[in-house]
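This report concerns only the one structure given below.
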Amino acid sequence: MASVFEQTIARNERIEPRDEMPDAYRATLVRQIAQHAHSEIIGMQPEGNWISRAPSLRRKLVLLAKVQDEAGHGLYLYSAAETLGVSRDELDEMLRTGRQKYSSIFNYPTLTYADVGTIGWLVDGAAICNQVPLCRTSYGPYGRAMIRICKEESFHQRQGYELLMTMMGGTDAQRAMVQESVDRFWWPALMMFGPPDDDSPNTAQSMAWGIKRNTNDELRQKFVDMTVPQAKALGVTLPDPDLVWNEERGAHDFGQPDWEEFWQVVKGNGPCNAQRLAHRRRAHDEGAWVREAASAYAARSQHD
Ligand code: FAQ
């Protein structure tokens, strides 16, 4: 007879923290939610690089608000993971020691200010594509966290697009800066969806459990189809000679990212992996006094 867990999944209902669940379901969720949370935390670094150099007060305020949202997303996600029985300290340590991953995309540098716009447009665009279906994931706390995160991500995507639109209406040098940035970020953005389905060890089981609602390739396709008309409206070229509308499929055909590069970045050998982790560890060490003060305050408040 099917277990209560299996029946709940079959009815497409939610699993909640106190429900019985297979160990492997719990472990998969901890892995995915933690990786997602770490991505938000490390994801603050590439854009944070431009806060002090934003070209106007308005751009600085918008960028500050976006980066703060990312910290908030990390915290909602750590809270969702904690409902599965891991502590925030354990998760944070796994990030700092490299035992848990974060998204490959944040291991690429932000070389020009246009990268702030491109990250909003392409990276947040890819994040939305991947995360909207996760609002319907089978684990309750994760799905509920995703609803708020997706709302904020859509603001992030629009601020990036608006920034690029403004630059495209500027000088030739600004337009060239946007194109160069899109050329660098296009393929890494496609890699965010994970390896092709045939090389994705987790997809089949995660789909069967309703953790993932679409495969990596399905979402990558959706992202390409969504982005092509936006690129046209913006006036930039996507750097893929194989990108063409396929009438029969009702979708775009497109080239493959360099999957060897993807695995190298995932293994820790990308352009900025060492720098990102070193920065995170330094921030952790320098924040020790804040954690100590907060703990001392909490302990004292309990006695009062
Ligand atoms: N980077 O079997 P699959 C954001 C790993 S948030 C690094 O296909 P799965 C917001 C994977 O973990 C971006 N590693 O795995 C923002 C697995 O590792 P294992 C983060 C990757 O889990 C915007 C192995 O490869 N979003 O951007 C990547 O079924 C702007 C095999 O892969 C999420 O985390 C990768 N790209 O599918 C912030 C969304 N892809 O088993 C700041 C939630 C795969 O060795 C600025 N996560 N791997 O431990 C997911 O939807 C899934 O976990 C996937 C991967 C689709 C990422």
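The values are calculated or read from the model by the stated rules, or taken from the named source; none is laboratory data. Keep in mind it's a predicted model, so treat the numbers as computed, not measured. Reconstructed Cβ throughout: ideal geometry from the backbone, glycine too, with neighbour counts over all protein chains shown.
Looking across the stretch 27-45 at every residue that is near the ligand (Cβ under 6 Å from one of its atoms) and among the small types (Gly, Ala, Ser), the one that is farthest from Ala65 (Cα to Cα) is identified as Ser39.
Part of a loop (DSSP other than H, G, I, E, B), closer than 28 Å to Arg11 by Cα and β-branched (Val, Ile, Thr) - does that describe any residue in the stretch 196-205? Looking for residues that are part of a loop (DSSP other than H, G, I, E, B), closer than 28 Å to Arg11 by Cα and β-branched (Val, Ile, Thr), one finds none in the stretch 196-205, hence no.
Among the conditions (1) over 30 Å from Ala24 (Cα atoms); (2) touching a Ser or Thr at 6+ places or on another chain (Cβ under 6 Å), the only one that Leu234 does not satisfy is (2). For Tyr108, the requirement of being more than 30 Å from Gly170 (Cα to Cα) and either within 16 Å of the ligand (Cβ to nearest atom) or among the hydroxyl-bearing types (Ser, Thr, Tyr) (or both) is not met.
Checking each residue in the stretch 129-148 for being of a type in the set (A, V, I, L, M), surrounded by fewer than 22 Cβ atoms within 10 Å (Cβ to Cβ) and assigned to a helix (DSSP H, G or I) picks out only Ile147. Return the total of residues in the stretch 272-288 being closer than 17 Å to Asn107 by Cα and either of a type outside the set (Lys, Arg) or touching a strand residue (DSSP E or B) at 6+ places or on another chain (Cβ under 6 Å) (or both). So the count comes out to 7.
For the stretch 235-275, a residue qualifies if it is touching a residue at least 24 places away in the same chain (Cβ under 8 Å) and under 15 Å from Gln221 (Cβ atoms), and the qualifying residues are Leu238, Asp240, Ala251, His252, Phe254, Gln256, Pro257.
Filtered by the rule that a residue be aromatic (Phe, Trp, Tyr) and farther than 30 Å from Ala54 by Cβ, the stretch 104-150 gives Tyr139, Tyr142. Filtered by the rule that a residue be closer than 17 Å to Ile9 by Cβ, more than 10 Å from the ligand (Cβ to nearest atom) and not charged (D, E, K, R), the stretch 136-147 gives Ser138, Tyr139, Gly140, Pro141, Gly143.
Can you confirm whether Glu162 is within 16 Å of the ligand (Cβ to nearest atom), charged (D, E, K, R), part of a helix (DSSP H, G or I) and farther than 19 Å from Arg220 by Cβ? Answer is yes for this residue.
With of a type in the set (D, E, K, R) and either under 21 Å from the mean Cα position of the chain (by Cα) or over 30 Å from Arg96 (Cα atoms) (or both) as the only criterion, which of Asp285, Asp253 stands out? Lay out the reasoning, then the answer.
Values: Asp285 fails: either under 21 Å from the mean Cα position of the chain (by Cα) or over 30 Å from Arg96 (Cα atoms) (or both).
Result: Asp253 is the single residue among Asp285, Asp253 that is of a type in the set (D, E, K, R) and either under 21 Å from the mean Cα position of the chain (by Cα) or over 30 Å from Arg96 (Cα atoms) (or both).
Residue pairs whose Cβ atoms lie under 8 Å apart, separated by 6 or more positions or on different chains, with the first residue in the stretch 278-297 and farther than 18 Å from His38 by Cβ and modelled with pLDDT of 95 or more and the second part of a helix (DSSP H, G or I) and not charged (D, E, K, R), do not occur.
Within the stretch 1-29, the residues that satisfy the criterion of being aliphatic (A, V, I, L, M) and either assigned to a loop (DSSP other than H, G, I, E, B) or touching a residue at least 60 places away in the same chain (Cβ under 8 Å) (or both) are Met1, Ala2, Ile9, Ile15, Met21, Ala24, Leu29. Checking each residue of the stretch 174-192 against the condition of being touching a Phe, Trp or Tyr at 6+ places or on another chain (Cβ under 9 Å) and part of a loop (DSSP other than H, G, I, E, B) gives at least one match. Can you find a residue in the stretch 248-258 that is surrounded by fewer than 16 Cβ atoms within 10 Å (Cβ to Cβ) and within 16 Å of the ligand (Cβ to nearest atom)? Checked the stretch 248-258: at least one residue is surrounded by fewer than 16 Cβ atoms within 10 Å (Cβ to Cβ) and within 16 Å of the ligand (Cβ to nearest atom).
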